[in-house]
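A.B. asks: Below are the structure tokens for one structure; questions will follow.
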Amino acid sequence: MVKKILTGAGFVEDKTFKETRFLNPPRSTYAVYLDSFTGRGADGANLLKEHSYTIELYSATPDPGAEERIENTLDSFGLEYEKGDRYWIQEEKLYQVTYDFDFIEKLRR
């Protein structure tokens, strides 16, 4: 799901978005995502996977256009999300904005 959101917001996998981190981050605005999940179900079959995603958006200057694209894409999927405050990371010389949301995936067996 998170890949669809970031692709829909105009990011390109392995170029401007990636899971966990970039070893050599792009110079342009980029995103990383984190995915923690719980598998659950009934009758000994975990057929549901509940994801808790965090998207971290990084930019050298505030990028309200990228924020708006992510928010519009989350809205188009009808997902509830929480947007964190934009803050400056002094050591990295970057701004960061976070988006947290949950998604339940039904697995097929």
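The values are calculated or read from the model by the stated rules, or taken from the named source; none is laboratory data. Predicted model, so just to flag it, every value in this text is computed and none were measured. Note that we place each Cβ from the backbone using ideal geometry, even for glycine, and neighbour counts take in every protein chain shown. Quick note on the areas: whole protein, heavy atoms, side chains included, nothing else; ligands and nucleic acids left out. Shrake-Rupley method; radii C 1.70, N 1.55, O 1.52, S 1.80 Å.
A.B. asks: Restricting the first residue to segment 1-22 and requiring it to be more than 25 Å from Glu92 (Cα to Cα) and touching a residue at least 24 places away in the same chain (Cβ under 8 Å), which pairs with a second residue that is surrounded by 15 or more Cβ atoms within 10 Å (Cβ to Cβ) and among the polar types (S, T, N, Q) meet a Cβ separation below 6 Å and a spacing of at least six or different chains?
C.D. replies: Ile5/Thr73; Gly8/Thr73
A.B. asks: Here is a list of conditions, (1) open to solvent by less than 40 Å² (accessible area, probe 1.4 Å); (2) modelled with pLDDT under 95, and Thr73 meets all of them except one; can you say which number that is?
C.D. replies: (2)
A.B. asks: Let me ask something else. So for segment 34-49 (the condition being hydroxyl-bearing (Ser, Thr, Tyr), surrounded by 11 or more Cβ atoms within 10 Å (Cβ to Cβ) and modelled with pLDDT of 95 or more), does at least one residue qualify?
C.D. replies: So in segment 34-49, the residues hydroxyl-bearing (Ser, Thr, Tyr) come out as 36, 38.
The next check asks that each one be surrounded by 11 or more Cβ atoms within 10 Å (Cβ to Cβ); those that pass are 38.
Filter again for modelled with pLDDT of 95 or more, leaving none.
No: segment 34-49 contains no residue that is hydroxyl-bearing (Ser, Thr, Tyr), surrounded by 11 or more Cβ atoms within 10 Å (Cβ to Cβ) and modelled with pLDDT of 95 or more.
A.B. asks: Shifting gears a bit: Go over the candidates Asp63, Asp85 one by one and state the one that is crowded, with 16+ Cβ neighbours inside 10 Å, farther than 30 Å from Arg108 by Cβ, of a type outside the set (Gly, Ala, Ser) and out of contact with any helix residue (DSSP H, G or I) (no Cβ under 7 Å at 6 or more places or on another chain). Even if it seems obvious, please write down each step before you answer.
C.D. replies: Numbers: Asp85 fails: crowded, with 16+ Cβ neighbours inside 10 Å.
Unique residue meeting the criteria: Asp63.
A.B. asks: While we're looking at this one, here's another question. Hey, Asp100 hits all of (1) open to solvent by 70 Å² or more (accessible area, probe 1.4 Å); (2) in contact with an Asp or Glu (Cβ under 6 Å, 6 or more places away or on another chain); (3) charged (D, E, K, R) but one; which does it fall short on?
C.D. replies: Exception for Asp100: condition (1).
A.B. asks: Cβ-Cβ below 6 Å, separation at least six or inter-chain, first residue in segment 86-109 and in contact (Cβ under 8 Å) with a residue 12 or more places away in the chain and closer than 30 Å to Asn46 by Cβ, second aromatic (Phe, Trp, Tyr) and surrounded by 12 or more Cβ atoms within 10 Å (Cβ to Cβ): which pairs?
C.D. replies: Tyr99/Tyr81; Phe101/Tyr53; Phe101/Tyr81
A.B. asks: What's the number of the condition Glu80 fails, among (1) open to solvent by less than 60 Å² (accessible area, probe 1.4 Å); (2) at pLDDT 95 or above?
C.D. replies: Failing condition for Glu80: (1).
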